[in-house]
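This report refers to the structure that appears directly beneath it.
The values are calculated or read from the model by the stated rules, or taken from the named source; none is laboratory data. Quantities reported herein were computed from a predicted structural model and do not represent experimental measurements. Using ideal geometry, Cβ is built from the backbone for each residue, glycine included, and neighbour counts are taken over all protein chains shown.
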Amino acid sequence: MAEKIILPVSTVGILGGGQLGRMMAIEAKKMGYDVICLDPTPDSPCGQVADDQIVAELDDLEAAVKLAERSDVVIYEFENIDVRLVEELEKKYYLPQGSKILSIAQDRIKEKTEIQKAGFPVVPFHVVRNQDDLEKGVTELGYPCVLKTARGGYDGKGQLVLKSPRDLGEATEMLQAPGMEWVLEKMITFTHEASAIVARNQKGEVAVFPVAENIHRNNILFMSIVPPRIGSEMEKEAARIAKEMAQAFNLVGLLAIEFFVTPEGLLVNEIAPRPHNSGHYTWDGCYVSQFEQIIRAVCGLPLGTTELLSPVVMVNILGEDMADVLNELPKFADNVKLHLYGKRGAAEPKRKMGHLTVKTGQPEEVIAWVNSFYPE
């Protein structure tokens, strides 16, 4: 793909209209770009801040072509975009992220195989397509292990923890779903979860954001702490892997890499070729946010500094938290910032509605405050 420079006053097209698209659009608008998005939900979070929104399903090729024809560069905001649609668009239009990294991230089998082939440490896994594969995988990996859908699962959906042979019956039932493939992963004993977000442009310039320590509740990211409490050597290793992975996959845009931190070292858990929930802290905590950085990367501009301006804690706001957050907002300290995503309708449980970022020189105090405010 020929290198292109897309200057401000050009139009950025975004496939998807969720909160990631919204935050990318805000940064693009600040830089002087016009923004148009495609999403099936009228007045989507991204559509509210974009110059225009095409209301159509994300697998609607005709609508996607209309978006591309009106755009100077097209990007996707999350990895559940139909890869075949992206393959069609990139034949004629400028999609610098490309379909290759998207196809890898969409399929856990391909993801883990490609990461392993490139020489990076991954969680031990076994491909499962039938009952025999399941039994062989359990024998190979041992208990406990986790059965995951190869495609489509996120935030703990499409997953089953197998703690003993008693759980094989439920796993067997899951395998009956037609047309599905699965990955069985060894359950890792880890000390922390962490993530690194790396940017790369077509010139091959690479920049890594400060590594985040992540705390999950019910398989959904609850809190990110930066700097992480994982030790400087692990932090450096996560940044090194992120840089090398960006080059190995010829990344253009952003790549988020999730790690398990173990006493023996780091293991790559998952990747995502777009802004990541654990990088939301960058909007307030870094000189250049992940959302500005992806615009810079796909438009061929120099990458910005990823300097951390202050230690920061990011906390997700789910649907069940909304009422409490709004009620307590007048009592928040002056170092707490609220970001809501403009999602219309009911604040449903487990639906990501926004986040808080807390600038702090005392992360432990903030963590204690968050845990008291958000009792588990």
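Any residue in the range 261-270 that is more than 22 Å from M187 (Cβ to Cβ), part of a strand (DSSP E or B) and of a type in the set (G, A, S)? Give the derivation first.
Initially, the range 261-270 is screened for residues more than 22 Å from M187 (Cβ to Cβ), giving none.
No, the range 261-270 has no match at all.
Kindly indicate whether any position in the range 314-323 is farther than 25 Å from C46 by Cβ, modelled with pLDDT of 95 or more and under 22 Å from the mean Cα position of the chain (by Cα).
No, every residue in the range 314-323 fails to be farther than 25 Å from C46 by Cβ, modelled with pLDDT of 95 or more and under 22 Å from the mean Cα position of the chain (by Cα).
Just to check your reading of the model, which residue among L141, L162, L168, L102 is touching a Cys at 6+ places or on another chain (Cβ under 7 Å), of a type outside the set (F, W, Y) and not assigned by TED's automatic domain parsing to the domain that holds M24? Steps first, answer last, please.
On the way: L141 fails: touching a Cys at 6+ places or on another chain (Cβ under 7 Å); L168 fails: touching a Cys at 6+ places or on another chain (Cβ under 7 Å); L102 fails: touching a Cys at 6+ places or on another chain (Cβ under 7 Å).
Just a single option satisfies the conditions, and that option is L162.
Determine which member of the set A171, A196 is touching a residue at least 40 places away in the same chain (Cβ under 8 Å) and either surrounded by fewer than 14 Cβ atoms within 10 Å (Cβ to Cβ) or touching a helix residue (DSSP H, G or I) at 6+ places or on another chain (Cβ under 8 Å) (or both). Give the derivation first.
Values: A171 fails: touching a residue at least 40 places away in the same chain (Cβ under 8 Å).
So the residue among A171, A196 that is touching a residue at least 40 places away in the same chain (Cβ under 8 Å) and either surrounded by fewer than 14 Cβ atoms within 10 Å (Cβ to Cβ) or touching a helix residue (DSSP H, G or I) at 6+ places or on another chain (Cβ under 8 Å) (or both) is A196.
Taking strands (runs of 3 or more DSSP E) that do not extend beyond the range 48-165, which have at least 1 residues that are closer than 30 Å to L7 by Cα, more than 18 Å from the chain's Cα centre (by Cα) and in contact (Cβ under 8 Å) with a residue 12 or more places away in the chain? So that I can check it myself, show each step before the final result.
Working: elements: 52-55, 73-76, 125-128, 145-149, 159-162.
Hits in the range 48-165: 52-55, 73-76.
Conditions tested, residue by residue: (1) closer than 24 Å to G158 by Cβ; (2) surrounded by fewer than 18 Cβ atoms within 10 Å (Cβ to Cβ).
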| site | (1), (2) |
| --- | --- |
| G17 | yes, no |
| R22 | no, no |
| D43 | no, yes |
| G47 | no, no |
| E90 | no, no |
| Q97 | no, no |
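Looking at the range 216-234 only, could you name the residues that are buried (at least 17 other Cβ atoms within 10 Å of the Cβ) and part of a strand (DSSP E or B)?
L221, F222, M223, S224, I225, V226 - these are the residues of the range 216-234 that are buried (at least 17 other Cβ atoms within 10 Å of the Cβ) and part of a strand (DSSP E or B).
Among (1) in a strand (DSSP E or B); (2) among the aliphatic types (A, V, I, L, M); (3) under 23 Å from A272 (Cα atoms), where does A25 come up short?
Single failed check for A25: (1).
Hey, can you tell me all the residues within the range 266-300 that are surrounded by fewer than 24 Cβ atoms within 10 Å (Cβ to Cβ), out of contact with any helix residue (DSSP H, G or I) (no Cβ under 8 Å at 6 or more places or on another chain) and over 14 Å from E27 (Cα atoms)?
Hits for the range 266-300 are L267, N269, N277, G300.
Matching residues to (1) closer than 18 Å to G98 by Cα; (2) of a type outside the set (A, V, I, L, M, F, W, C):
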{"position": "V12", "(1), (2)": "yes, no"}
{"position": "K29", "(1), (2)": "no, yes"}
{"position": "C37", "(1), (2)": "yes, no"}
{"position": "C46", "(1), (2)": "no, no"}
{"position": "V49", "(1), (2)": "no, no"}
{"position": "L58", "(1), (2)": "yes, no"}
{"position": "L61", "(1), (2)": "yes, no"}
{"position": "A64", "(1), (2)": "yes, no"}
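Could you pull out the residue among T149, T172, T191 that is in contact with a Pro (Cβ under 8 Å, 6 or more places away or on another chain) and polar (S, T, N, Q)?
Numbers: T149 fails: in contact with a Pro (Cβ under 8 Å, 6 or more places away or on another chain); T172 fails: in contact with a Pro (Cβ under 8 Å, 6 or more places away or on another chain).
Answer to the check: T191.
For residues that are among the small types (G, A, S) and assigned to a helix (DSSP H, G or I), scanning just the range 271-284, find the one that is farthest from N214 (Cα to Cα). So that I can check it myself, show each step before the final result.
Keep residues of the range 271-284 that are among the small types (G, A, S), which gives 272, 278-279.
Those still in the list that are assigned to a helix (DSSP H, G or I) too: 278-279.
Working: S278: 7, G279: 10 Å.
By that ranking, first place goes to G279.
From D34, D60, which residue is acidic (D, E) and touching a strand residue (DSSP E or B) at 6+ places or on another chain (Cβ under 7 Å)? Talk me through it step by step, then tell me what you get.
Numbers: D60 fails: touching a strand residue (DSSP E or B) at 6+ places or on another chain (Cβ under 7 Å).
From the options D34, D60, the qualifying one is D34.
Would you check if there is a residue in the range 257-268 being without any contact (Cβ under 8 Å) to a residue 24 or more places away in the chain and either over 30 Å from I5 (Cβ atoms) or not charged (D, E, K, R) (or both)? Step through it out loud before you land on a result.
Initially, the range 257-268 is screened for residues without any contact (Cβ under 8 Å) to a residue 24 or more places away in the chain, giving 264.
Checking which are either over 30 Å from I5 (Cβ atoms) or not charged (D, E, K, R) (or both) leaves us with 264.
Within the range 257-268 (the criterion being without any contact (Cβ under 8 Å) to a residue 24 or more places away in the chain and either over 30 Å from I5 (Cβ atoms) or not charged (D, E, K, R) (or both)), the answer is yes, since at least one residue qualifies.
Could you tell me whether the range 337-348 includes any residue that is among the hydroxyl-bearing types (S, T, Y), at pLDDT 95 or above, farther than 18 Å from A196 by Cβ and crowded, with 18+ Cβ neighbours inside 10 Å? Don't jump to the end; show me each part of the working.
Taking the range 337-348 and keeping what is among the hydroxyl-bearing types (S, T, Y), we get 341.
Then drop every residue that is not at pLDDT 95 or above, which leaves 341.
Subsequent filtering for residues that are farther than 18 Å from A196 by Cβ retains 341.
Applying the additional criterion that residues be crowded, with 18+ Cβ neighbours inside 10 Å yields 341.
Yes; the residues of the range 337-348 include at least one that is among the hydroxyl-bearing types (S, T, Y), at pLDDT 95 or above, farther than 18 Å from A196 by Cβ and crowded, with 18+ Cβ neighbours inside 10 Å.
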